[in-house]
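Each reported figure results from applying straightforward, stated rules to the coordinates on display, with no laboratory input. Bear in mind the structure is a predicted one, so any value in this text is a computation, not a measurement. Please note: Cβ atoms are built from the backbone with ideal geometry, for glycine as well, and neighbour counts cover all protein chains shown.
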Amino acid sequence: MERFKDWEIRLHKKFLEWSEVDFQWGEKDCCIFAGDCIEAITSKNPMTDFIKKYSNNPYTNKREAILLIKNSFSDLGSCIEQVLGKPRDINFAQRGDLVLLKNNNNWRICGIVDLTGAKITALSLKDGLVKLPMSDGYLSWKI
């Protein structure tokens, strides 16, 4: 995927837009957030393609989201790999890249490396848009 020349401005605007969003499964969750950010950077939203390909019904809660992933893949990382290719080690993640991380409950969630390159921005179930340390990430995909 090729990035827009002004991708940093577009991503910053997307972060601002999502800073006012409350988590809602299937509409405003970490994967939808990541797809929307990737679209701001590249004009392509990999989540849209994934949902069209693998889901007849949108998910509306955690259980349905897990079933969607487990019915087609072993885990969220495998799911992302189908759309974006092989992951890279987190140490190679750069600004605007997609990151898979574990939160405090050991759930896997998607985030985007922020514009400083030092933090991961993710949509939290309870706290909205949050900045997390890069050390919470364990896989990344170049965007």
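Extension gain for Lys131 to Thr116 (0.36 nm times residue separation, less C-alpha to C-alpha distance): 4.3 nm. Around the Cα centre of the chain, unit charges on the Cβ atoms of Lys, Arg, Asp and Glu (plus for the first two, minus for the last two) sum to a dipole of about 240 debye. Is the chain rounded, prolate or oblate when judged by the Cα gyration tensor, a ≥ b ≥ c being the square roots of its eigenvalues, rounded requiring a/c under 1.5 and prolate requiring a/b larger than b/c? It is rounded, given that a/c, with a ≥ b ≥ c, falls under 1.5. Shape of segment 72-143 from the C-alpha gyration tensor: oblate (a/c of 1.5 or more and a/b not above b/c, with a ≥ b ≥ c the square roots of its eigenvalues). Net charge in the neighbourhood of Leu11 (other residues with Cβ under 15 Å of its Cβ; Lys, Arg +1, Asp, Glu -1) is +2. Per-residue packing, averaged as other Cβ atoms within 10 Å, sorts the ranges 123-132, 32-41 into the order 32-41, 123-132, beginning with the highest.
Electrostatic tally near Glu2: other residues with Cβ closer than 15 Å to its Cβ, Lys and Arg +1, Asp and Glu -1, net +1. In terms of packing, defined here as the mean over residues of other Cβ atoms within 10 angstrom, the peptides 88-100, 109-121, 13-25 line up highest first as 109-121, 88-100, 13-25. Would you tally the net charge around Leu101, using a Cβ to Cβ cut-off of less than 10 Å, leaving Leu101 out, and scoring K and R as +1, D and E as -1? Result for the neighbourhood of Leu101: +1. By the helix-only formula, in which each DSSP H run with n ≥ 4 contributes -39500 (n - 2.57) and the sum is divided by residues, the chain has a 222 nm mean residue ellipticity of -11500 deg cm²/dmol.
Measuring between alpha carbons in the structure, the pairs from Lys44/Lys70; Lys28/Lys142; Lys13/Lys70; Lys28/Lys70 lying more than 27 angstrom apart are Lys13/Lys70.
Applying 1/(1 + (r/R0)^6) with r as the Cβ-Cβ distance of Ser43 and Leu16 and R0 = 30 angstrom yields a FRET efficiency of 0.95.
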